[in-house]
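Student: Got a structure for you, written out below as structure tokens; questions coming shortly.
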Amino acid sequence: MIKKIQIAVTVFLLTALSGCSDPKSHATSVMLLLDTSGTYTQELNKAQSIINYLLGTMNSGDSFAVARIDSGSFSEKDIVAKMTFDDRPSAANTQKRTFQAAINKMVDEVKSSTYTDISGGMLQAIEFLEETGAGNRHILVFSDMKEEIPKGHIRDFPINFKDVTVTALNVTKLRTDNVDPREYMTRIENWRNKVESSGGYWRVLNDLDRVEKILEPVD
Amino acid sequence: MTFSEIMEIWWPGHAGASAIIWLMIIIITMWLARTPAHRAIKSFSFIIRNAMRMTAHSITSLEKHLEDRNREVLLNNGLEETERYIEREFQRVEDVVTRDLSGYPSLQRELKDQITKIDNDYRESSEVPPMPQNYIEAIDSVSKIKGNGDPMVTRILGEIQTTMKHNSEKEVAEYRRSSKERHSLLKTMMPYWRNLSKTLSSVEKKIVGLEDRSKVIDAQIEKYEQIMAKTNLAERVLSSSAMTQFFTSGLVLLIALLGVYVNFQLIALPMSEMVGGSSRLGPMRASDVAALVLVFFEIVLGLFLMEALQITKLFPVISSLDDKLRKNMMWVAFILLVIFAGIESSLAYMRDLLAADREALTQSLAGVIVEAPEFRWITTVGQMTMGFILPFALMLIAIPLESFVHAMRTVLGMVGVFLLRALAFAIRQLGSLASSIGHIILNVYDLIIFIPLKIESAFKVKNTESALEEKKETIESPAVKSQAVVNQDEQHNPSVSQ
């Protein structure tokens, strides 16, 4: 009888333990890439409000980083701030305050870059997201999506966007786009193909009033 | 081979003609196979109907079994409940008797003393003083006697009158004094009367209370007897009572569940400060699980406390414990509950702090500078109080839970009986439907082959007619006629034949 009870308890415990393990991480990690080329720096105030919104919505265990897109973005030097928020909500709040201060400082001191290395920034972002090991991975690109790479930099190779949601924010139309809108559409379409062909999800969000949709999964 | 090829097999290129040939073949085949086909259809529908009826019969007997079992459980529960009720009523009567009527001898003594005193006083006051003699008429008569001018007689008469007047006044004074004494004695009896009346009133109240209790006990005994006799009325009353209890306690439990949710919300956020906000157990956050565990643990402690207090009887093991052990258990549960309530109250305070910090951060992120609200302490105190009281409030879940569990057995049994009855009915109907479908198929079969059937019928009629004609001709022939006459005579006169 006792043996039967022992077996039953063991089976129950094993079942319970197997039920507890959750292979998928529920944490969210976000990398926001800020375009600092040319006149786009004037748009950074909008980016600041988005960062503040994200800081308000992210929870303990989530990771958040903000990096610049400049002439050569595949570099740690371009990361303005990055944090994985503490398990305790009170400590996480303190981290968020520090993060906000770092962003404010960057916005005040930012200088325009000559080129726009979006692909380099994307590579940097994927590396960061990979390191966090989060289940939900987002790259937010605050840019006009017009890439201008310095001579000698190689970026024409496929990037692995598997399970990463890339959201292009505030994709402003350039003067040339106004002349020929197909240029704008082609630019967006190229990025979509690049992301989706390697298993990622693509989305464009120009209306910043619908900022709450930023971290929603793509349909 | 395609369908159209098969169709045109008899006359290629003429689908219509081929179809007619096919139709004729089918009709003739069906006509030839009519009898075995009819037999097969009838057998098949009969088998289905019988199988369905047997299944329905089995389900009906299962339903009957379940109904009997339900009835048994219901009556047993009713008996137990009534026994408990009667026991409690007797306990109350015993309490009244022990508390109030145990002092009956002293009460009787007191009453006797008071009655004796009243009796003595009454006896003393009953000695009525003699009425004063009627001196007035005598004095009046004396005063009317004339002295005839004799001063001696006049003086004597005057003295007699004075003496009589004096005596009269003396006697009246004595009478008045005596009456006064009597009245004062009667006056002293008043408090005794009042006391007596008061004592008797209290006795009456107690007796009336006992009488009321006895009426309740009578009603319960009657109910008990009806349950023992297993009457339909008792069963109906108990079923109705169980249904009412089920829905009422279900509603209360639903409200209690909302209370659990409120309690959970109160401590979930601060729990993330203790166990971390990012770790998870399955799909749930560890902090949420910890908060739920805390709330459920408080409920369990509350259940144990109610059991130890013998308010509920969900766990027979606890009720059957030694009284001392049970009391110890009660105290342990109560102290733990108080500790948990304290923890919850402090968590509620921490929640308020965290909420304030979060609010400040949100405002800072939004670039708004807002001063802290003046009466924030009210929310803090409210949350802390709620955190302390909710565990004790949730403890009361035990009462509706017990009723729900008890009533659920009856209600589930009734639902089970209803479902089985509905199933048996549906299966029986399916059986009847199968039988009807069999009849319809037979009729449709005959409808398809109605032409050969008509021809067959016409042939049969013709054959019958010719057979009848042949018979008629045979009967009408002379040889047969004479034979018939002989037979007739033999029937009328049997001796001729002998």
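The values are calculated or read from the model by the stated rules, or taken from the named source; none is laboratory data. All values reported here derive from a predicted model rather than from experimental measurement. Neighbour counts run over all protein chains shown; Cβ positions are idealised from the backbone, glycine included.
Student: Take residues that are modelled with pLDDT of 85 or more and either of a type outside the set (Gly, Ala, Ser) or touching a Lys or Arg at 6+ places or on another chain (Cβ under 7 Å) (or both) and tell me which of the helices (runs of 4 or more DSSP H) falling wholly in the range B:1-117 contain 3 or more.
Tutor: B:15-32, B:34-99
Student: Cβ-Cβ distance below 6 Å, separation of 6 or more or different chains: which pairs start in the range A:27-38 with a residue that is touching a residue at least 24 places away in the same chain (Cβ under 8 Å) and end on one that is aliphatic (A, V, I, L, M) and part of a strand (DSSP E or B)?
Tutor: Between residues of the range A:27-38 that are touching a residue at least 24 places away in the same chain (Cβ under 8 Å) and residues that are aliphatic (A, V, I, L, M) and part of a strand (DSSP E or B), the close pairs are A:Met31/A:Ala65; A:Met31/A:Ile139; A:Leu32/A:Val66; A:Leu32/A:Leu140; A:Leu33/A:Ala67; A:Leu33/A:Ile69; A:Leu33/A:Val141; A:Asp35/A:Ile69.
Student: Sort out which residues of the range B:342-375 are away from chain A (no Cβ under 14 Å), buried (at least 18 other Cβ atoms within 10 Å of the Cβ) and not hydroxyl-bearing (Ser, Thr, Tyr), and write them in order of number.
Tutor: B:Glu344, B:Ala348
Student: Looking only at residues that are surrounded by fewer than 21 Cβ atoms within 10 Å (Cβ to Cβ) and more than 14 Å from A:Thr132 (Cβ to Cβ) in the range A:69-85, which one is nearest to the other protein chains (Cβ to nearest Cβ)?
Tutor: Ranking the qualifying residues of the range A:69-85, first place goes to A:Ala81.
Student: Could you list all residues from the range B:300-316 that are within 23 Å of the chain's Cα centre (by Cα) and in a loop (DSSP other than H, G, I, E, B)?
Tutor: Matches in the range B:300-316: B:Gln310, B:Ile311, B:Thr312, B:Lys313, B:Leu314, B:Phe315.
Student: Return the residue satisfying two criteria in turn: it lies in the range A:54-65 and is within 14 Å of chain B (Cβ to nearest Cβ) and over 19 Å from B:Ala360 (Cβ atoms), and of such residues it is nearest to the chain's Cα centre (by Cα).
Tutor: That would be A:Phe64.
Student: Check A:Asp62 against each of (1) buried (at least 23 other Cβ atoms within 10 Å of the Cβ); (2) modelled with pLDDT under 90 and name the one condition it does not meet.
Tutor: Looking at each condition in turn, A:Asp62 falls short on (2).
Student: May I pose another question? Go through the range B:151-199 and give me each residue that's touching a residue at least 40 places away in the same chain (Cβ under 8 Å) and closer than 30 Å to B:Val97 by Cβ.
Tutor: Scanning the range B:151-199 gives B:Tyr192, B:Trp193, B:Asn195, B:Leu196, B:Thr199.
Student: How about the range B:269-326: which of its residues are more than 10 Å from every other protein chain (Cβ to nearest Cβ), out of contact with any helix residue (DSSP H, G or I) (no Cβ under 8 Å at 6 or more places or on another chain) and not hydrophobic (A, V, I, L, M, F, W, C)?
Tutor: Within the range B:269-326, B:Pro316, B:Ser320, B:Asp322, B:Asp323, B:Lys324 meet the criteria.
Student: For the range B:223-235, how many residues meet the condition of being surrounded by 11 or more Cβ atoms within 10 Å (Cβ to Cβ) and assigned to a helix (DSSP H, G or I)?
Tutor: Here the count works out to 9.
Student: OK, next. Among the residues of the range B:375-383, is any in contact (Cβ under 8 Å) with a residue 40 or more places away in the chain, within 54 Å of the chain's Cα centre (by Cα) and more than 30 Å from B:Ala242 (Cα to Cα)?
Tutor: Narrowing the range B:375-383 to residues in contact (Cβ under 8 Å) with a residue 40 or more places away in the chain: B:383.
Subset that is within 54 Å of the chain's Cα centre (by Cα): B:383.
Retained after the next criterion (residues that are more than 30 Å from B:Ala242 (Cα to Cα)): B:383.
Scanning the range B:375-383, I find at least one residue that is in contact (Cβ under 8 Å) with a residue 40 or more places away in the chain, within 54 Å of the chain's Cα centre (by Cα) and more than 30 Å from B:Ala242 (Cα to Cα), so the answer is yes.
Student: Regarding A:Arg210, is this residue within 28 Å of A:Tyr53 (Cβ to Cβ), in contact with a strand residue (DSSP E or B) (Cβ under 7 Å, 6 or more places away or on another chain), of a type in the set (Lys, Arg) and part of a helix (DSSP H, G or I)?
Tutor: It is false that A:Arg210 is within 28 Å of A:Tyr53 (Cβ to Cβ), in contact with a strand residue (DSSP E or B) (Cβ under 7 Å, 6 or more places away or on another chain), of a type in the set (Lys, Arg) and part of a helix (DSSP H, G or I).
Student: Let me ask something additional. Determine whether A:Ala134 is within 14 Å of chain B (Cβ to nearest Cβ), touching a strand residue (DSSP E or B) at 6+ places or on another chain (Cβ under 6 Å) and outside any helix (DSSP H, G or I).
Tutor: Judged against the criteria, A:Ala134 is a match.
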